[in-house]
Every structure is written in structure tokens, then in C-alpha cells.
Amino acid sequence: MNYVRVVKAVVGAVLVLGDGGVRRGTDVLKALALGAKAVMVGRPVFYGLAARGETGARHVIEMLNKELELAMALCGCRSVAEVTRAHVQTEGDRIRALL
């Protein structure tokens with residue numbers, strides 16, 4: 001997920017949507033914190049659908065939502081609007097901190 005570069009490149013001209021690699025609610029939180037305006041979660045939902053039909057798809061969506069809510073609470077965020085870049089640290093951030 002290299003949303004930071006994309007968000008900087010488009011400079012607000014288009015919305016950045018996260019797609020790919022989302023398996024947990026924490027992945028959603030990271031994508032939002034790095035600048036994505038929304039995150040698509042097709043593959044996990046399709047896996048749930050394949051495993052248990054509509055019930056499985058609903059379960060996956062509910063699970064992702066609960067995981068996102070927990071991750072936001074652990075970061076002190078009461079809403080998605082409160083999630084900011086300060087809530088995540090990338091490898092580049094860690095390297096720059098050492099310099």
C-alpha cells in the first residue's frame with residue numbers, strides 16, 4: 001500500500017481509493033490514514049460468499065467493520081474522520097527518524 005505517493009501526486013485532483021491487500025480492519029485503518037478516501041474489500045467478501053453464501057459475505061463485512069472500530073478505538077479515534085497520517089508509521093518514516 002503506497003498511498004502516500006499517489007495522494008501526493010494527484011494533489012486532491014481525484015479521490016484515492018484503496019484496493020488490494022485488505023484482509024483486516026487494521027488494513028483499512030492504514031489505508032485511510034495514508035490518504036485513501038475509501039477502501040474496497042472485494043476479495044474477502046467473495047471468499048465469505050463462496051464459503052457460506054450471503055451469510056458468509058455479511059459475516060466478513062461485519063468482521064471487518066468490528067476490526068476497524070477496534071483499531072480506531074485503540075488509536076483514540078471515534079470516527080473515520082479523526083483518522084490521520086499521524087496514526088501510522090511507514091518504513092520510510094522509521095528510516096528518516098534514524099537519520
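The values are calculated or read from the model by the stated rules, or taken from the named source; none is laboratory data. This is a predicted model, so every value here is computed, not measured. All Cβ positions, even for glycine, are placed from backbone atoms using ideal geometry, and neighbour counts span all protein chains on display. We work out accessible area using only protein heavy atoms, side chains counted, and drop any ligands, DNA or RNA first. Shrake-Rupley method; radii C 1.70, N 1.55, O 1.52, S 1.80 Å.
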Assigned charges on the beta-carbon of Lys, Arg, Asp, Glu; the range 18-99 dipole about Cα centre (debye): 80 debye
Sequence-distant residues sharing a close amide H with V39 (under 5 Å, placed H): G18
Residue among G21, G12, G48 with the largest mean-square fluctuation in a Gaussian network model of the chain, springs linking Cα atoms under 10 Å: G12
Per residue accessible area in Å² of the chain, where ligands, DNA and RNA are left out and the probe is 1.4 Å: 70 Å²
Qualifying trypsin sites (Lys or Arg not before Pro) for the range 53-97 [loop in DSSP, other Cβ within 10 Å: at most 14]: R78
For the range 1-53: rounded, prolate or oblate by the Cα gyration tensor [a/c cutoff 1.5]: prolate
Alpha-carbon Rg/Rh ratio, for the chain, with Rh computed the Kirkwood way: 1.03
Segment R24-C75, extension gain: residue separation times 0.36 nm, minus the distance between their alpha carbons: 16.8 nm
Cβ-derived FRET efficiency at R0 41 Å, Y47 paired with L98, nearest 0.05: 0.60
The chain, accessible surface, carbon-and-sulfur percent (1.4 angstrom probe): 60 percent
Cross-link reach list, lysines versus K8, counting only Cα pairs under 17 Å and skipping chain neighbours closer than eight places: K30, K37
